[in-house]
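Q: Take this structure first; my questions come after.
The values are calculated or read from the model by the stated rules, or taken from the named source; none is laboratory data. Note that the structure is a prediction, hence the values are computed from the model and not measured. In this analysis, Cβ positions are derived from the backbone assuming ideal geometry, glycine residues included, and neighbour counts consider all displayed protein chains. Heads up: the accessible areas ignore ligands, DNA and RNA and are worked out on the full protein's heavy atoms, side chains in. Shrake-Rupley method; radii C 1.70, N 1.55, O 1.52, S 1.80 Å.
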Amino acid sequence: MNMLSHIARYLFGVFTIAAILLPVWAFAYELPELVDDFSHQSQNSLGVQRQFMNDTVAGGSSESEVTVQGGKIHLTGNLIPPRGQPAWASSILLLDAKGKPMDASGYQGIRLKVKINQGLMSVSANSAEVENFDYHAAPVLIKADGKFHEVKLPFTSLKRAWSEQTTLDASTLNSLSIVAFAMQQSAYDFVIDEIGFY
């Protein structure tokens, strides 16, 4: 009887500790609100290497320059569209080092602090369910006034450009992209202080 009492107390203790720690473990695996505050030269705030590409991978001639300094990223360049296509330059912030989908469904949308000096910019939430690169995106519509603005883009406002409109499943996001785009040759100049979810 004494042995059974000790076993019962031990199991009760284990279950009690598990009940206390389970919410902590669950919280540890949630997607953080902040994706990048540009405090690191090459990695985002999730510890994942930033990636950059432009339309030269698809026959374009755009030129891009990226500078990370003082907790801000400065994106500049000259967009030169390929014939019959828009020009673009993209900064890709992976949410996981292996590119696996992460669950952002606990948030309402994307938030960023940005200064647009010149050019057109959009932000996309890149879902693993989208296979043709036509991700859910929205333009960032602020004045080019040399000042930082906080912009909130609700997930419900993000649309696909040329594909059938589908609802974004925020539980399947693998990255966010900051995109400069143009239909004709033009320059772009953006400074971003931070980007994440809200």
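Q: Among 111-119, 85-93, 39-47, what's the highest-first ranking by average C-beta atoms within 10 angstrom per residue?
A: 85-93, 111-119, 39-47
Q: Based on the alpha carbon coordinates of region 26-66, what radius of gyration and maximum Cα-Cα distance (Dmax) apply, in Å?
A: Answer for region 26-66, Rg first and Dmax second: 14.8, 46 Å.
Q: Working from the alpha-carbon coordinates of the chain, get Rg over Rh, Rh being the Kirkwood radius.
A: Using only Cα positions, Rg/Rh for the chain is 1.16.
Q: Quick one: angle between helix 2-28 and the longest Cα principal axis of the chain, in degrees between 0 and 90, rounded to 10, please.
A: 10
Q: Let me ask something additional. List the aspartates and glutamates whose alpha-carbon lies under 20 Å from that of LYS159, not counting same-chain residues fewer than 8 positions away?
A: ASP103, GLU129, GLU131, ASP134, ASP169
Q: Along the Cα→Cβ direction, 7 angstrom out, place labels at GLU129 and LYS113. What is the inter-label distance in nm?
A: About 3.3 nm separates the two model spin labels.
Q: Here is a further query. Please state the charge dipole magnitude for the chain, taken about the Cα centre, from unit charges on C-beta atoms (+1 on K and R, -1 on D and E), reported in debye and rounded to the nearest 20. It would help to have the intermediate numbers written out before the result.
A: On the way: 14 positive and 19 negative charges, 49 e Å.
In total the dipole reaches around 240 debye.
Q: Which of GLY77, HIS136, GLY146 sits farthest toward the positive end of the charge dipole of the chain, with +1 on the Cβ of Lys and Arg and -1 on the Cβ of Asp and Glu?
A: It is GLY146, whose Cα lies furthest towards the positive end.
Q: May I pose another question? Give me the accessible area per residue for the chain, probe 1.4 Å, as a whole number in Å².
A: 58
Q: Using the Kirkwood formula on the Cα atoms of region 75-131, what hydrodynamic radius do you get, in angstrom to one decimal?
A: Final number for the Kirkwood radius of region 75-131 is 14.4 Å.
Q: Let me ask another. Hey, rough spin-label estimate for MET53 and ILE142, points 7 angstrom out along Cα→Cβ, what's it come to in nanometres?
A: Label at MET53, label at ILE142, 2.7 nm between them.
Q: Express in % the proportion of alpha carbon pairs of region 102-175 at distances exceeding 20 Å.
A: 33
Q: Can I ask one more? If we count every other residue with Cβ under 12 angstrom of SER124's Cβ, Lys/Arg +1 and Asp/Glu -1, where does the sum land?
A: Details: positive: LYS159, ARG160; negative: ASP134.
Neighbour charge sum, excluding SER124 itself: +1.
Q: Can you list residues from other chains, or at least 5 along the same chain, whose modelled amide H is less than 5 Å from the amide H of HIS136?
A: Placed amide hydrogens put ALA125, SER127 under 5 Å from HIS136.
Q: Compare the peptides 150-163, 68-81 by average per-residue count of other Cβ atoms within 10 angstrom and give them in order, highest first.
A: The packing order, highest mean first, is 68-81, 150-163.
Q: Given q = 0.18, 0.19, 0.25, 0.26 Å⁻¹, what are the Debye log10 I(q)/I(0) values for region 142-198, with equal point scatterers placed on the Cα positions and solvent ignored?
A: -0.93, -1.02, -1.33, -1.35
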